[in-house]
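Below is one structure, written out as structure tokens, with a few remarks after it.
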Amino acid sequence: MTNLTVSGQLEAETFALAYKKTYTFGPTFRAENSNTKTHASEFWMIEPEIAFCDLAGNMDIMEEMLKYVVQYVLDNCPKELELCDNFVEKGLITKLTNLVNSQFVRIDHADVIKILQEAPVKWEFMPEVGGDIAKEHEKYITDYFHGPVFIKNWPKDIKAFYMKQNPDGKTVAAVDLEVPGAGELMGGSQREEDYEKLVTRMKELKMKPEDMEWYVNLRRYGGCVHSGFGMGFERLIIYLTGVDNIRDVIPYPRTPGNCEY
């Protein structure tokens, strides 16, 4: 049996457990029919994977990495940013400077849903307990907190099988980073290191553990707490430049129904 995956994350876990800190950077593929300004059928992803790192440590690294990249661009590309500020997105430099100087908020998914449900807004998609978060919700939350927001501890049923199950049995140690003007920029989780819990979850989802023996064996013979995350490279470019369509920040964009190049 052969399976396709949208990233190299699972394979990166094998290297992280050998070398502590690893990352992959390569093309990523999406099969969904997503016709939005931030989705493409092929894009690039930066995916660090870190051993001996829990969810809190994962968020620390995500925040430090993004701030480092943004500060580097501010320091080394002032003319390019000035051009984008004048002709693409007014206030771009202020937005990026504010991100570097801000303290990212960390809040549970359940608390975000409560804020959204109590908001004086008529939503196109009503926020629901146990449900996903729409673009309009992402914008509201970053406006509400006036800056970047880590949304953590997501409902188990809408997240991947490999994410660390929390003691409540309802949520997993997953996190999405929402940033002003771009929405979700990074996503990650603490990985499930408990062999029995991982296998049980796979069976619940009608997956066959024997088809991924190499992966579950990372737990079978001992492992460690480990975490990782992914950042879409084109979404980062969107955020850094103010260009609002992924088709304009990747050469020869491949989108649903389009394989012209």
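Only the coordinates and a few stated rules stand behind these numbers; no lab work does. None of the values given here were measured: they were computed from a predicted structure. Cβ placement follows ideal geometry from the backbone for every residue including glycine, while neighbour counts extend to all protein chains displayed.
Of the helices (runs of 4 or more DSSP H) that lie entirely inside the range 175-261, those containing 2 or more residues that are touching a residue at least 60 places away in the same chain (Cβ under 8 Å) span 213-220, 233-241. Residue count for the range 154-171 satisfying the condition of being not in a loop (DSSP other than H, G, I, E, B) and not aromatic (Phe, Trp, Tyr): 7.
Within the range 221-237, the set of residues being under 19 Å from residue 163 (Cα atoms), of a type in the set (Gly, Ala, Ser) and in contact with a strand residue (DSSP E or B) (Cβ under 7 Å, 6 or more places away or on another chain) comprises 227, 228, 230. Residues in the range 54-84 that are closer than 30 Å to residue 193 by Cβ and among the aliphatic types (A, V, I, L, M): 8 in all. With respect to the conditions (1) part of a loop (DSSP other than H, G, I, E, B); (2) buried (at least 17 other Cβ atoms within 10 Å of the Cβ), residue 151 lacks only one, and its number is (1). Kindly establish whether residue 123 is touching an Asp or Glu at 6+ places or on another chain (Cβ under 8 Å) and exposed (fewer than 15 other Cβ atoms within 10 Å of the Cβ). Considered against the rule, which asks whether it is touching an Asp or Glu at 6+ places or on another chain (Cβ under 8 Å) and exposed (fewer than 15 other Cβ atoms within 10 Å of the Cβ), residue 123 comes out as yes. Under the condition of being outside any loop (DSSP other than H, G, I, E, B) and over 13 Å from residue 22 (Cβ atoms), the residues counted in the range 34-65 number 14.
Residue 117 fulfils the conditions (1) of a type outside the set (Ser, Thr, Tyr); (2) more than 24 Å from residue 63 (Cβ to Cβ); (3) assigned to a helix (DSSP H, G or I); (4) in contact (Cβ under 8 Å) with a residue 12 or more places away in the chain except for a single criterion, (4).
Within the range 130-142, if we keep just the residues that are in contact with a strand residue (DSSP E or B) (Cβ under 8 Å, 6 or more places away or on another chain) and assigned to a loop (DSSP other than H, G, I, E, B), the residue that is nearest to residue 37 (Cα to Cα) turns out to be 133.
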